[in-house]
Amino acid sequence: MKTAASAEIESGATSPAGEVADTVVQLMRSFQRAKSRYLALARHDVEWSSQLILRQLASHGPMRASAIADCMQSDPSTVSRQVATMVKDGLLERRADPEDGRASILALTEKADAVIAEHERLRHTHFEDMLADWTERDLSRFATLLRRFTADLDRSSATHVPGASSPAERTNR
């Protein structure tokens with residue numbers, strides 16, 4: 001027996017929002033494959049989650065591990081373990097927190113700067129090659145829409161209540 005969902009998938013009849021949702025699923029799969037390729041091409045042995053921490057510190061400067069966890073919406077104990085490994089591997093260094101000498105902040109090392117630079121080079125080269133046939137106008141429009149989509153996704157992820165049927169219901173629970 002076919003369900004309404006399986007009939008909709010078979011017929012290909014989806015709403016524009018449904019098409020976006022389906023494309024995002026495909027994008028996530030593609031992203032996982034691309035992530036594996038980037039890490040395989042890199043000359044360093046830095047895990048993806050560590051790359052995210054490095055980028056966070058590169059963008060926002062030295063900070064406490066708890067602040068990294070907040071920014072990344074990660075469990076503090078998980079970030080703490082990752083950070084300990086990264087300090088041991090020479091990617092991060094601990095410094096006294098200028099606001100509270102009992103605490104420490106984490107800062108990038110020269111080794112981390114080199115890892116970030118290599119990752120950026122690989123990423124930019126990949127996207128330049130992939131998008132070589134796109135016009136400047138298309139790239140600009142896509143970047144604008146992608147930023148908007150990402151902001152809306154972040155906002156909805158923060159307020160979404162599973163099972164709520166309307167926006168009012170989602171925010172009033």
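The values are calculated or read from the model by the stated rules, or taken from the named source; none is laboratory data. Being a predicted model, the structure only gives us computed values, none of them experimental. Cβ: placed from backbone, ideal geometry, glycine included. Neighbour counts: every protein chain shown.
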Taking into account only those residues within the range 79-88 that are of a type outside the set (G, A, S) and free of Cβ contacts under 8 Å to residues at least 12 places away in the same chain, which is surrounded by the most Cβ atoms within 10 Å (Cβ to Cβ)? R81
Does the range 18-35 contain at least one residue that is assigned to a helix (DSSP H, G or I), over 26 Å from R123 (Cα atoms), at pLDDT below 95 and not hydroxyl-bearing (S, T, Y)? yes
Unique residue being surrounded by 12 or more Cβ atoms within 10 Å (Cβ to Cβ), at pLDDT below 95 and more than 17 Å from the chain's Cα centre (by Cα) when the list is A103, A7, A40: A103
Restricting to the range 50-78, what's the tally of residues that are without any contact (Cβ under 8 Å) to a residue 60 or more places away in the chain, among the charged types (D, E, K, R) and surrounded by fewer than 16 Cβ atoms within 10 Å (Cβ to Cβ)? 2
